[in-house]
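I have placed the structure first, in the form of structure tokens, so that the comments after it can refer back to it.
The values are calculated or read from the model by the stated rules, or taken from the named source; none is laboratory data. All values reported here derive from a predicted model rather than from experimental measurement. No Cβ is skipped: glycine too gets one built from the backbone with ideal geometry, and neighbour counts run over all protein chains shown. For the accessible areas, the whole protein counts, side chains as well, though only heavy atoms, and no ligand, DNA or RNA atoms are used. Shrake-Rupley method; radii C 1.70, N 1.55, O 1.52, S 1.80 Å.
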Amino acid sequence: STAYMDEAARCSKVNLMYHGKIISRGRPSELLKKFSYKAFVVLGATRRRLEAILESTQGIVALSPAGNRIRVVVHGDQVTEVKKVLSNIGATLVETRPDFEDLFLSKLSETQDAGEP
């Protein structure tokens, strides 16, 4: 058991849990191959300002701090719209390889969107 996604990503098999329920299971590499969103690092603007804007932007599946930057997971069909919102404040999206935390946060979002606790 671990709360560290970088540690979980090195395991041979994982069970991702939320409120005591398994929301996904399998080999980390296989789960990442099935990742159906786009992952980005956001450049420009302050992290606080970005968080406020991104939390209310349609198409954002998940966001997480990454040092002084923010990583975001975006629905693939809404990348253009998210880029427009960010360009209005001088920020840009730089596509990156999804990591295990992106996967976990997107699974949490899917679970919450399905109305599960």
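Report the gain in length on full extension from residue 18 to residue 113: 0.36 nm times residue separation, minus Cα-Cα distance, nm rounded to one decimal.
Details: separation 95, 0.36 × 95 = 34.20 nm, distance 1.32 nm.
Length difference between fully extended and current span is 32.9 nm.
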- Largest fluctuation, 74, 85, 41 only, Gaussian network model of the chain with Cα springs under 10 angstrom, belongs to 85
- Query: Using the C-alpha atoms of the chain, what convex hull volume per residue, in cubic angstrom, is computed?
  - Reply: 107 Å³
- Query: Per-residue HN-Hα couplings for region 88-96, Karplus 6.51 cos²θ - 1.76 cosθ + 1.60 at θ = phi - 60°, whole Hz, x for Gly and Pro?
  - Reply: 5, 10, x, 10, 9, 9, 10, 5, 9
- the chain, accessible surface, carbon-and-sulfur percent (1.4 angstrom probe): 46 percent
- Task: Before rounding to the nearest 500, sum -39500 (n - 2.57) across all DSSP H runs of length at least 4 in the chain and divide by the residue total; then give [θ] at 222 nm in deg cm²/dmol.
- Result: -10000 deg cm²/dmol
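Just to confirm, what accessible area per residue do you get for the chain at 1.4 Å probe, in whole Å²?
63 Å²
Which pairs break 19 Å Cα to Cα here: 38/84; 34/83; 83/107? Could the numbers behind the result be given before it?
Working: 38/84 16 Å; 34/83 24 Å; 83/107 23 Å.
Pairs exceeding the cut-off: 34/83; 83/107.
Sorted by accessible area with a 1.4 angstrom probe, largest first, how do 107, 84, 13, 38 fall? Walk me through the numbers on the way to the answer.
Details: 107 55, 84 105, 13 140, 38 85 Å².
Putting 107, 84, 13, 38 in descending order of accessible area: 13, 84, 38, 107.
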- Considering amide H positions built from the backbone, and no H for Pro or chain starts, which residues 5 or more places from residue 18, or on another chain, come under 5 Å of its amide H? 23
- Item | Cβ-Cβ FRET estimate between residue 79 and residue 41, R0 fixed at 22 Å, reported to 0.05 | 0.95
- Judged on accessible area alone, 1.4 Å probe, highest first, 30, 81 line up as 81, 30
- How big is the accessible area of residue 87 in square angstrom, nearest 10, if you roll a 1.4 angstrom probe over the protein chains? 70 Å²
- Checking 65, 28, 98 against a Gaussian network model of the chain (alpha-carbon springs below 10 Å), the top fluctuating residue turns out to be 65
